[in-house]
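The values are calculated or read from the model by the stated rules, or taken from the named source; none is laboratory data. As the structure is a computational prediction, the values presented were derived from the model and not from experiment. Cβ placement follows ideal geometry from the backbone for every residue including glycine, while neighbour counts extend to all protein chains displayed. These accessible areas exclude ligands, DNA and RNA; they are computed on the full protein's heavy atoms, side chains included. Shrake-Rupley method; radii C 1.70, N 1.55, O 1.52, S 1.80 Å.
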Amino acid sequence: MTRDLLGYGGRWPDVTWPGGKRLAVSVVVNFEEGSEHQVGDGDARSEPMGEVMSVVPAGVRDQGQEQIFAYGMRAGVWRMLDALDAHAIPATFFACGQAVERSPQVAAEAARRGHEFAVHGWRWRPHADYSDRETEARDLDRCVDAILSATGQQPVGFFCRGGESPWTRDLLRERGFAYTSNGFDDDLPYWDRNGSLPLLVTPYSLDANDMKFFHPNGFVRSREMAEYVADALSVLIAEAERGLPRLLNIGFHLRIAGRPGRFPAFRDTLALLARHKDALWLAQRRDIAAAFAAQVPPA
């Protein structure tokens with residue numbers, strides 16, 4: 001596939017989000033815990049990225065990493081769900097199928113509170129490393145089934161760790177997905193017309209994302225992420241006031257922002273968004289995709 005480095009070329013479509021807003025904001029919560037690679041679950045190696053880089057040798061069970069991930073489901077998720085309720089902010093949960101299968105009651109509660117569930121792969125792994133179409137298709141269907149069984153929702157969105165395979169988007173088209181979020185290259189959704197049918201890319205971002213607490217060049221104190229989001233919001237609000245349609249993506253993880261020392265990054269970001277509600281459309285990604293598609297058809 002040829003890389004598109006031009007995009008809209010500075011001529012963005014005239015999109016107005018519901019309520020007459022020009023800036024849409026998507027809050028994403030990643031629901032991955034229990035789907036990461038762990039030797040204790042039969043994998044050849046354990047996920048090395050956590051509070052610290054693991055020092056347990058490859059092939060040896062890493063109980064510390066298992067517990068670091070488990071914190072997200074056991075404790076972090078409840079703190080974060082309550083904060084979303086307190087600020088009346090609808091979120092999209094990027095959910096790995098195995099994580100949902102292992103903690104269906106947690107997924108069901110998040111759905112009961114009104115949040116969208118989107119496919120985040122069966123395991124927390126890049127889809128780019130699938131070596132054949134059939135295996136990826138099977139795992140995609142397993143994730144859909146797990147989400148549907150636990151939440152009652154038929155997921156319409158997709159995002160995987162890392163990047164997609166050569167077949168991912170065709171598999172999504174065949175299954176009637178409304179959008180993929182494996183795009184980090186724009187401030188607005190756009191249509192991928194390279195397949196048999198157009199597929200909407202509702203881009204995501206990794207900069208306003210709490211995963212940067214786990215990177216040495218990222219956030220250290222919770223206020224750093226909250227201030228970063230505030231800076232992004234100020235730029236995009238100013239552009240929206242000039243009539244430019246925009247989308248801001250903010251990503252969180254149960255085991256990261258759910259920790260007390262980092263929770264203020266989540267809490268304060270939600271409070272910031274709530275204070276600016278008059279200037280924003282706070283929406284789930286399925287609604288953002290639908291609103292864009294209604295105004296900018298693929299043709």
_Percent accessible area from carbon and sulfur atoms, segment 44-201, protein chains only, probe 1.4 Å_ = 51
*Where only protein heavy atoms count, and the probe is 1.4 Å, what is the accessible area per residue for the chain in Å²?*
44
*Order 53, 80, 211, most accessible first, counting only protein heavy atoms with a 1.4 angstrom probe.*
53, 211, 80
*Listed residues 284, 65, 98, most fluctuating in the chain (Gaussian network, C-alpha, under 10 Å)*: 65
*asked:* Under 8 Å for C-alpha pairs, at least 6 residues apart: give me the relative contact order for segment 194-299, rounded to a whole percent.
replied: 33
*Which net charge results when you count Lys and Arg as +1 and Asp and Glu as -1 among the other residues whose beta-carbon is under 13 Å from that of residue 127?*
0
*Give the long-range amide H neighbours of residue 93: residues separated by 5 or more places, or on another chain, with amide H under 5 Å away, using H modelled in the peptide plane at 1.01 Å from N.*
29, 116, 117, 118
*Match the structure shown to one of the listed values [x] 51; [y] 17; [z] 26 of percent of Cα pairs over 31 Å apart, computed from it, and give that label.*
[z]
*asked:* List the trypsin sites (Lys or Arg not before Pro) within segment 1-42 that DSSP assigns to loop and that have no more than 16 neighbouring Cβ atoms inside 10 Å.
replied: 3, 11
*asked:* Quick check on the chain: helices-only [θ] at 222 nm, where DSSP H runs of length 4 and up contribute -39,500 (n - 2.57) each and the sum goes over total residues. Nearest 500, please.
replied: -11000 deg cm²/dmol
*Which net charge results when you count Lys and Arg as +1 and Asp and Glu as -1 among the other residues whose beta-carbon is under 13 Å from that of residue 156?*
+2
*Between 184, 69, 31, find the one with the highest GNM mean-square fluctuation for the chain; connect C-alpha pairs within less than 10 Å.*
184
*asked:* Counting other C-beta atoms within 10 Å, and keeping those with at most 14, which DSSP coil trypsin sites (Lys or Arg not before Pro) do you find in segment 32-109?
replied: 61
*Report the residue, chosen from 88, 44, 226, that carries the largest GNM mean-square fluctuation when the chain is represented by alpha-carbon nodes joined by springs under 10 Å.*
44
*With helices defined as uninterrupted DSSP H runs, which ones in the chain have an alpha carbon span along their own long axis of at least 24 Å and mean Kyte-Doolittle hydropathy of at least -0.5?*
133-151, 222-241
_Of the trypsin sites (Lys or Arg not before Pro) in segment 133-224, those whose Cβ has at most 14 other Cβ within 10 Å and which sit in DSSP loop_ = 193, 221
